[in-house]
Each structure stands twice: as C-alpha cells, then as structure tokens.
1. If you go through the stretch 138-185, how many residues are aromatic (F, W, Y) and farther than 21 Å from V112 by Cα?
2. Identify, please: which residue in the stretch 151-196 is among the charged types (D, E, K, R) and free of Cβ contacts under 8 Å to residues at least 24 places away in the same chain and is, among those, nearest to P211 (Cα to Cα)?
3. Sort through L243, L248 and tell me the only one that's surrounded by 13 or more Cβ atoms within 10 Å (Cβ to Cβ), touching a Ser or Thr at 6+ places or on another chain (Cβ under 6 Å) and more than 28 Å from G131 (Cα to Cα).
4. Does any residue of the stretch 189-207 turn out to be within 16 Å of L106 (Cα to Cα), at pLDDT below 85 and not in a helix (DSSP H, G or I)?
5. Only one of (1) under 16 Å from M89 (Cα atoms); (2) at pLDDT 90 or above fails for R244. Which number is that?
6. Output the residues belonging to the stretch 265-301 that are assigned to a helix (DSSP H, G or I), more than 13 Å from the chain's Cα centre (by Cα) and at pLDDT below 90.
7. Looking at the stretch 79-105 only, could you name the residues that are buried (at least 24 other Cβ atoms within 10 Å of the Cβ) and among the small types (G, A, S)?
8. Could you list, ordered by first residue, the pairs with Cβ atoms under 9 Å in which the first is in the stretch 232-260 and free of Cβ contacts under 8 Å to residues at least 24 places away in the same chain and more than 18 Å from V277 (Cβ to Cβ) and the second is crowded, with 17+ Cβ neighbours inside 10 Å and not aliphatic (A, V, I, L, M), at least 6 apart or interchain?
Amino acid sequence: MTTLVESQAPVQERYQPRRLRLFTRYLRRNPSLTVGLILVLGLTIFTVYGMLTIDTRDAYPLATMPKQAPSAEYPFGTDFFGRDLFAAMVLGTWQTALIGVIAGLLGTLIGVVLGFISAYFGGVADTIIKGISQILTPIPVFLIQVVIAGSVDRRSVTIFTMALIVVMLAWMGPTLVMRSQVLTMKERTYVLVARLSGVGDLGIIFLEILPNLLPFIVAAFVGQVFAGVFASFYLAVLGLGPLREPLLGNIIWAAQSQGAFFNGWWWWPIFPALALVLILGSLALINMGLDEFANPRVRRTE
C-alpha cells in the first residue's frame, strides 16, 4: 500500500508541471488572449493599488485645488471642479468596470437560461422566446438606452441603475447564440446515450450539454462586458449617467462641457480616454483569443 501511494505522488507532481507547460505554450501561440489578460491584470493592479492608497473623497468636487497640471502631488492633475484626477481615475475605472461586469453577468445568465429553455424544451416557449429575440435584435439598442436613461430621474441614477438600463437589452444576442448551440448539441450521440440510460432533463442539461458550452458562455460574457462598458461610456458622455460619480464617461463629458482642450487643460480628458481605450481594447483582445475555443474552425492543436 505504501509503495502504491509513493508511486502515485511522482505521477501527480509530473502532471501538474505538464498542465502548466501546456497552458503557457497555449498563451504563447494565442497573443490576443495573452495581451488582453496582461492589460486586464495591469488595470486590476492599478485599481487595487489606488483603492488602498487614495482618499476616495478626493475623487469628488471641491476636494483639491482646481485646474492643477500633472505633478508629483497630483500625478494626473486636477479638474475644473477640484477633483484629484488620479483618485477619480481609480474610482472611475472601478465603477465603469463594475457596470460592465454586472451587465455582462445578468445579460449572459438570462441569455443562457432562455436559450436552454427555448432550444431544449421547444414548443410554445421556443416560439415566444425566439420571436421576441428576433424582433428586438434589429432595433437600435443605443436609441432605446438613451430614451430609457433620459426618462429616469437624474437624482435617482446610480451605478446599479445604469447597469440595469444596459442589461435590459443585453440578453437577446446570448439567447440566440445559446439556442442555436443547444439545438445542435441535444442531438449529439452522447446526449442520446445519456437519455437512453435514464438520465433526466436536468442531468442532461447540467452534466452533458452545459460543460461543452462553457467556451461559448465565457465568450458571450466577455462580449457582454464589452458592450456594458461601452454603453456606460456613451450614456455618461451624453450626460445621462450619475453626474456626481467619477465614471470615466462622466469625466470626459465634464471636460468636454468645460472646453478642457481650448483652455489648455489637456490632461483632464486624456487620462480617462486612455483608460477607456485600455479597458475596451483588453476585452476585445480577450474575446478574439477566446474565439479559438468557441469556434472549431480556427481551433488549433498542439
């Protein structure tokens, strides 16, 4: 018995480095995913470090001397309203990412549930879900979000309100994608074998179909986070976000409304615009990298 345990330990020790080597090798041949993950890691470190070192009150008006250029005391300068832009950037990056993650989670979750119900059970539910999704998909999401955000009392708009506004129209795409994938997978041989073996519907969904759809679900989630971040940006730039919160879009909107470039306050819109480009760029690169998992046509083998 002792000999058997001792012989299994080296096997496990060899197996773990092999998995690590395969993962690092995969990252080397998938530069989009690698660069995207590095950018997300860098933004996460910036946000975590900033939240541990800043006073969040400096991210709001009348906290510092206004219109100060970048310096040792204010690395990103201050704006017209007396906000420390470094503190505002840290808090704004966190808030903008939070809106995207909430919208992405809810949109993907609703899409997965509706897609499974529609494709697996069919019938009237399939007709209703597919019909509503196909009717709403061609409608310009931007216009509807602007109308909804503009009709909400500005004093009651919060980070979570914006996330809910975004997610109201974020579930149609994942629903149609999940529906099409489940329709093909539920006719696969392993699903038919499981059904003949007496496995129930829930067992087939959670044990047979869902694990094989994880790459599609992850890719859909990243895409929805991208859409949520972008939606929070353009709604805030239009002045439809929570005005007091230092969202990246709010900072750019305030800089535009005060004519920052014309007055020589170039640092005010530059840094939030750069942060937004990094966030959206990292998500786009990760989504491109995950396409290898979700799309068998471009999948490569070792």
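The values are calculated or read from the model by the stated rules, or taken from the named source; none is laboratory data. This is a predicted model, so every value here is computed, not measured. In this analysis, Cβ positions are derived from the backbone assuming ideal geometry, glycine residues included, and neighbour counts consider all displayed protein chains.
1. Kept after step one, since they are aromatic (F, W, Y), are these residues of the stretch 138-185: 142, 160, 171.
Then drop every residue that is not farther than 21 Å from V112 by Cα, which leaves 142, 160.
Total meeting the criteria: 2.
2. Filtering the stretch 151-196 down to residues among the charged types (D, E, K, R) leaves 153-155, 179, 186-188, 195.
Next cut, free of Cβ contacts under 8 Å to residues at least 24 places away in the same chain only: 153, 155, 187-188, 195.
Working: D153: 43, R155: 43, E187: 16, R188: 14, R195: 17 Å.
If we take residues in the stretch 151-196 being among the charged types (D, E, K, R) and free of Cβ contacts under 8 Å to residues at least 24 places away in the same chain, then R188 is nearest to P211 (Cα to Cα).
3. Details: L243 fails: touching a Ser or Thr at 6+ places or on another chain (Cβ under 6 Å).
Only one candidate passes the filter, namely L248.
4. Pass one, the stretch 189-207, residues within 16 Å of L106 (Cα to Cα): none.
Looking for residues that are within 16 Å of L106 (Cα to Cα), at pLDDT below 85 and not in a helix (DSSP H, G or I), one finds none in the stretch 189-207, hence no.
5. Going through (1) under 16 Å from M89 (Cα atoms); (2) at pLDDT 90 or above one by one, R244 breaks only (2).
6. Within the stretch 265-301, M288, G289, L290, D291, E292, F293, A294, P296, R297, V298 qualify.
7. The answer is A87, A88, G92, G100, A103, G104.
8. Every condition considered, the pairs that remain are G239/N250; G239/W253; G259/W265.
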